[in-house]
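**Q** I'd like to ask you about the structure that follows.
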Amino acid sequence: MTENEISYEIRRAIFAVFNALGPGLLESAYEAALAYELQKNGLHVRQQTPLPLVYDEIKLEVGYRLDLLVEDKVIVEIKSVENLAEVHHKQVITYLKLSGKKLGLLVNFNCVEIDKAIFRKVNGL
């Protein structure tokens, strides 16, 4: 599957989770439900995947983790906050650069309209 095809399946799963659970839960609840929904639909999903930082050719384990990594191609960063800050968007771009992945999705489940709370981020490589 391409990143775009995976992204479509992720968005579909996000809608299913949001429609079932609604807003106001912890990020960990949405992460678990979304991982389950994606796996149920036949996708390979890894949760809390370690993301090392390479600095000056040294690999540093500093505790960065990807919320979800789908099909080893698409990063999903999950939030459940009143308002996304600019740093949340930058975080996904930085994760893409550090991992070498092309596509990431930032989703805020603490919203009224989920379709307006999913943001697609692309790594220009």
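What follows draws every value from the coordinates through simple rules; no lab data is involved. Predicted model only: the values in this text are computed from it and were never measured. In this analysis, Cβ positions are derived from the backbone assuming ideal geometry, glycine residues included, and neighbour counts consider all displayed protein chains.
**Q** Considering only region 38-49, state which residues are within 14 Å of the chain's Cα centre (by Cα) and either small (G, A, S) or assigned to a helix (DSSP H, G or I) (or both).
**A** Result: L38, single match.
**Q** For residues that are in contact with a strand residue (DSSP E or B) (Cβ under 9 Å, 6 or more places away or on another chain) and under 17 Å from K97 (Cβ atoms), scanning just region 73-87, find the one that is surrounded by the fewest Cβ atoms within 10 Å (Cβ to Cβ).
**A** K73
**Q** Which residue, of L68, L106, is in contact with a His (Cβ under 7 Å, 6 or more places away or on another chain), of a type in the set (A, V, I, L, M, F, W, C) and assigned to a strand (DSSP E or B)?
**A** Working: L68 fails: in contact with a His (Cβ under 7 Å, 6 or more places away or on another chain).
Only one candidate qualifies: L106.
**Q** I'm trying to understand the selection: among the residues of region 58-107, which are touching a Ser or Thr at 6+ places or on another chain (Cβ under 7 Å) and either over 21 Å from Y36 (Cβ atoms) or not β-branched (V, I, T) (or both)?
**A** R65, L66, L69, L103, L105, listed by residue number.
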